[in-house]
1. Regarding Ile238, is this residue in contact with a strand residue (DSSP E or B) (Cβ under 7 Å, 6 or more places away or on another chain), closer than 25 Å to Ala144 by Cα and crowded, with 20+ Cβ neighbours inside 10 Å?
2. Could you please give the count of residues in region 317-333 that are closer than 19 Å to Arg203 by Cα and part of a loop (DSSP other than H, G, I, E, B)?
3. Filter region 103-124 for residues that are in contact with a Lys or Arg (Cβ under 6 Å, 6 or more places away or on another chain) and at pLDDT 90 or above; which is farthest from Leu249 (Cα to Cα)?
4. Tell me whether region 165-180 contains one or more residues that are part of a loop (DSSP other than H, G, I, E, B), modelled with pLDDT of 95 or more and within 18 Å of the chain's Cα centre (by Cα).
5. Applying the selection to region 185-212, what residues are of a type in the set (Ser, Thr, Tyr), modelled with pLDDT of 95 or more and surrounded by fewer than 23 Cβ atoms within 10 Å (Cβ to Cβ)?
6. So the check is Cβ under 8 Å with 6+ separation or different chains; which pairs have a first residue in region 174-195 that's under 30 Å from Lys269 (Cα atoms) and a second one that's acidic (Asp, Glu)?
7. Does Lys101 satisfy the condition of being charged (D, E, K, R), touching a strand residue (DSSP E or B) at 6+ places or on another chain (Cβ under 7 Å), outside any loop (DSSP other than H, G, I, E, B) and buried (at least 23 other Cβ atoms within 10 Å of the Cβ)?
8. Does region 241-250 contain any residue that is more than 23 Å from Asp319 (Cβ to Cβ) and either assigned to a strand (DSSP E or B) or more than 15 Å from the chain's Cα centre (by Cα) (or both)?
Amino acid sequence: MMRGSSQSSKEDKKKVRSTQETSPERIRHYNDSNATGSNAIPESSSMRNNTQQSSSNAVSAGNPSLPIQSPTTMPQANQLLPGNGNEPEYTENRGFPYVLKLKSGKEFVYRGLFKEGLVSTVCSVESQSGIKYAAKLFEQRDPAIPTFYELLALQKIAIVPHTNLLFLHLAGLLIDPHPGFSGEIYITEECGPSIRNVMRRARQATNDTRQPSFCLEDTRKIGYQIGRAMAHLERLKIYHLDIQAGHVLFANPYSNYTLDLSFTPPTIKINDIRVKVIDFGCSKSHEEPGEKKEYRLVQPTPFRSPEVFMGLPYNEKSDVWSMGCLIGQIFTGKFLFYSTSGTTEQEKIQSQFECTFNRLHELLPMKMIEESQRGGHCTLNYDFYTPRRPNKRDHLLYIIRKDEDKHIYELLEFMLRWDPSRRPSFNDVLYYKFFRDVYI
């Protein structure tokens with residue numbers, strides 16, 4: 001997807017291109033105070049299609065997987081499902097050289113493959129001093145899918161770091177890139193598995209009969225950290241635009257978890273709850289004052305905000321919607337909004353939007369519909385719209401398992417508002433009562 005060209009984006013390109021090799025290692029690192037009819041955890045075709053808009057939608061900078069229990073073995077309550085920690089899962093190296101040599105003179109020993117995406121590959125490497133990192137290698141690509149937005153975001157974060165955001169140690173060029181690769185390489189900290197991977201592996205451990213999720217307290221702790229990361233990006237004037245479970249990693253490379261089957265659904269308990277938000281392949285800098293906002297299709301469909309569905313420009317509140325959807329998924333093990341019918345992509349999008357309409361207590365504002373119809377980018381049919389309350393059967397209230405769960409319902413009702421102008425900021429979210437007295 002071609003990214004909008006503007007004066008600010010041209011300046012961004014100059015900033016990135018001015019340095020072929022950049023290392024923020026000298027900067028002090030400090031902390032700031034699938035959607036299917038069955039609603040299963042595997043990604044939908046809509047999510048897979050969205051990878052064309054991201055340089056690494058299916059790629060993480062951390063350990064991609066934890067070992068799967070034998071399909072004939074059902075884990076008992078509190079049984080440990082061990083993680084493979086700092087050892088990446090790999091069976092072949094795609095022919096990458098044993099030593100990755102950069103034009104700056106730095107060298108990294110290749111240790112194994114973390115993950116392959118459509119346009120990039122992430123592997124585990126070790127520096128000459130013995131420190132383990134993640135290395136992101138970019139394949140040669142269509143100019144319509146640039147990398148400079150991702151690098152710009154990583155550079156801004158490196159200058160003003162945050163403990164819940166992936167930290168870039170080095171960006172450079174390889175002397176002898178592997179065939180099919182551009183030579184660009186980003187060296188970042190190595191992390192653990194993604195939330196999506198842990199949930200998927202936990203579900204496989206139950207023989208796909210139930211959908212494990214995180215308890216309310218761990219959902220609070222994870223959500224609070226995501227909120228802090230996103231609030232920091234907002235201060236740096238960066239839109240993420242690709243928030244999803246696969247782009248939030250557990251920080252500890254040695255992460256492992258237990259699965260308690262005595263609860264319904266089964267509850268995942270991770271040994272280290274610290275997380276980091278990653279993957280800035282779809283990111284973009286905030287517009288300059290007076291700069292016209294342009295429409296661009298962004299965000300995976302289960303996390304896509306109403307304004308983007310409706311052909312309206314995204315804004316700083318679009319990421320707030322995605323975060324709300326992710327918190328709901330972490331707590332329930334399911335997507336909050338999903339398609340229930342349709343065979344074509346457009347039919348599924350229409351179905352998901354109607355599902356969203358039915359699940360939210362708040363009615364879709366007519367002013368947004370009118371603006372959407374004038375904009376020329378909307379593909380939705382609004383014939384389904386009626387000024388009525390949603391069917392109780394579909395209401396978000398039904399995510400509540402017990403009385404204390406009403407607090408997360410209230411948080412989601414606070415975050416998931418149709419009109420982005422009425423949606424809270426990330427700072428508003430962090431000060432909401434659901435996140436009071438959170439200690440990590």
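The values are calculated or read from the model by the stated rules, or taken from the named source; none is laboratory data. The structure displayed is predicted, hence computed values, not measured ones. Cβ atoms come from the backbone with ideal geometry, glycine included; neighbour counts cover every protein chain shown.
1. Working: in contact with a strand residue (DSSP E or B) (Cβ under 7 Å, 6 or more places away or on another chain): yes; closer than 25 Å to Ala144 by Cα: yes; crowded, with 20+ Cβ neighbours inside 10 Å: yes.
When the stated conditions are applied, Ile238 passes them.
2. Within region 317-333, the subset closer than 19 Å to Arg203 by Cα is 326-333.
Next, from what is left, pick out any that are part of a loop (DSSP other than H, G, I, E, B): 333.
Summing the residues that are closer than 19 Å to Arg203 by Cα and part of a loop (DSSP other than H, G, I, E, B) in region 317-333 gives 1.
3. Going through region 103-124, the residues in contact with a Lys or Arg (Cβ under 6 Å, 6 or more places away or on another chain) turn out to be 107, 119-120, 122, 124.
Now restrict to residues that are at pLDDT 90 or above: 107, 120, 122, 124.
Working: Glu107: 26, Ser120: 18, Val122: 14, Ser124: 15 Å.
Step by step, filter region 103-124, then rank; the result is Glu107.
4. Scanning region 165-180 turns up at least one residue that is part of a loop (DSSP other than H, G, I, E, B), modelled with pLDDT of 95 or more and within 18 Å of the chain's Cα centre (by Cα).
5. Thr188
6. Note: pairs meeting the criteria are Gly192/Asp272.
7. Criteria not met by Lys101.
8. Going residue by residue through region 241-250, those that are more than 23 Å from Asp319 (Cβ to Cβ) are none.
No, region 241-250 contains no residue that is more than 23 Å from Asp319 (Cβ to Cβ) and either assigned to a strand (DSSP E or B) or more than 15 Å from the chain's Cα centre (by Cα) (or both).
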